[in-house]
Amino acid sequence: MCDSESTYGGAQMVPEIDGETKGLTTGQIARALAEPGFPVRNATAIFRAHAQKGLVHPYGKERSGTKSYLYRADQAVIAAVLHRVAEAAIGDNRLRHKISNTLHMWDASELTPDAPRSPAMWALVEYLNGKRGFAFEIRTTRNERGTVDYDCRLRHAKSATGTNFRLADNWHVRSAFVLHMDDVLAHLTRARELAN
């Protein structure tokens with residue numbers, strides 16, 4: 001199945017653009033995500049499911065040829081985090097959207113003039129520039145009424161930079177999950193000859 005046969009379920013219109021752009025197709029991202037025990041066909045299916053649910057977002061669609069959706073590199077980071085969280089058997093749909101939003105959008109208090117387009121792109125660029133020690137953190141929280149919610153952040157431990165938890169103080173932490181992002185980023189940026 002080519003990329004044009006899948007649908008995008010997000011909230012934005014995806015424009016057709018010239019094919020010589022530098023975007024990544026679903027197939028290219030699936031090859032980056034694939035590893036032993038997680039073949040390209042499974043990575044393709046999961047990435048497409050994320051796109052249909054609006055968890056990853058294309059920025060364009062090829063005007064000619066296969067008319068594949070095109071994605072920026074930060075979408076591969078988001079898909080990799082979603083996959084690792086799913087492997088940990090944490091599958092709440094609200095949580096998946098919190099993860100996606102945390103990795104897609106900066107909060108106004110987190111923005112700096114030179115911030116990349118998304119926290120996921122920030123971590124990827126910093127990793128490629130040699131910085132190590134990134135973590136994606138998820139907290140399960142509960143308020144006094146008994147409502148359960150999730151709060152997420154992407155941080156660099158040594159510099160204490162990145163995104164912040166966003167829930168108000170009246171939420172109490174019930175459990176925490178930490179995903180060491182250096183492993184994820186190393187896998188996504190590995191040499192192509194090592195890729196499936």
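The values are calculated or read from the model by the stated rules, or taken from the named source; none is laboratory data. Bear in mind that the values here come from a model prediction, so they are computed numbers and not experimental data. A quick note on method: Cβ atoms are made from the backbone with ideal geometry, for glycine too, and the neighbour counts reach across all protein chains shown.
Going residue by residue through segment 51-71, is there one that turns out to be charged (D, E, K, R) and part of a helix (DSSP H, G or I)?
Checked against the condition, which is being charged (D, E, K, R) and part of a helix (DSSP H, G or I), segment 51-71 yields no hits at all.
For segment 106-129, how many residues are surrounded by fewer than 16 Cβ atoms within 10 Å (Cβ to Cβ) and among the aliphatic types (A, V, I, L, M)?
5
Residues being polar (S, T, N, Q) and buried (at least 24 other Cβ atoms within 10 Å of the Cβ): count how many of those fall in segment 67-82. Give the derivation first.
Here is the first cut: in segment 67-82, the residues polar (S, T, N, Q) are 68, 75.
Remaining after also requiring buried (at least 24 other Cβ atoms within 10 Å of the Cβ): 75.
So the answer is 1.
For (1) farther than 18 Å from Ala108 by Cβ; (2) touching a Cys at 6+ places or on another chain (Cβ under 6 Å); (3) among the hydrophobic types (A, V, I, L, M, F, W, C), each residue gets a yes or a no:
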position	(1), (2), (3)
Ala135	yes, no, yes
Arg142	yes, no, no
Thr147	yes, no, no
Asp151	no, no, no
Leu167	no, no, yes
Ser175	yes, no, no
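Which of (1) at pLDDT 90 or above; (2) surrounded by fewer than 18 Cβ atoms within 10 Å (Cβ to Cβ); (3) of a type in the set (Gly, Ala, Ser) is the odd one out, the single condition Gly19 does not satisfy?
In the conditions (1) at pLDDT 90 or above; (2) surrounded by fewer than 18 Cβ atoms within 10 Å (Cβ to Cβ); (3) of a type in the set (Gly, Ala, Ser), Gly19 misses (1) alone.
Out of all the residues in segment 29-45, which are without any contact (Cβ under 8 Å) to a residue 60 or more places away in the chain and buried (at least 17 other Cβ atoms within 10 Å of the Cβ)?
Across segment 29-45, the qualifying residues are Ile29, Ala30, Ala43, Thr44.
So, Val56, is that one modelled with pLDDT of 95 or more, touching a helix residue (DSSP H, G or I) at 6+ places or on another chain (Cβ under 6 Å), farther than 29 Å from Arg153 by Cβ and among the β-branched types (Val, Ile, Thr) or not?
So Val56 does not fit the description; no.
Please note which strands (runs of 3 or more DSSP E) are completely contained in segment 102-196 and include at least 3 residues that are farther than 26 Å from Leu24 by Cα and among the aromatic types (Phe, Trp, Tyr). Please lay out each step first, then the result.
Working: elements: 134-142, 148-156, 172-180.
It comes to none.
Any residue in segment 102-115 that is modelled with pLDDT of 90 or more, of a type in the set (D, E, K, R) and in contact with a Ser or Thr (Cβ under 9 Å, 6 or more places away or on another chain)?
Among the residues of segment 102-115, at least one is modelled with pLDDT of 90 or more, of a type in the set (D, E, K, R) and in contact with a Ser or Thr (Cβ under 9 Å, 6 or more places away or on another chain), which makes the answer yes.
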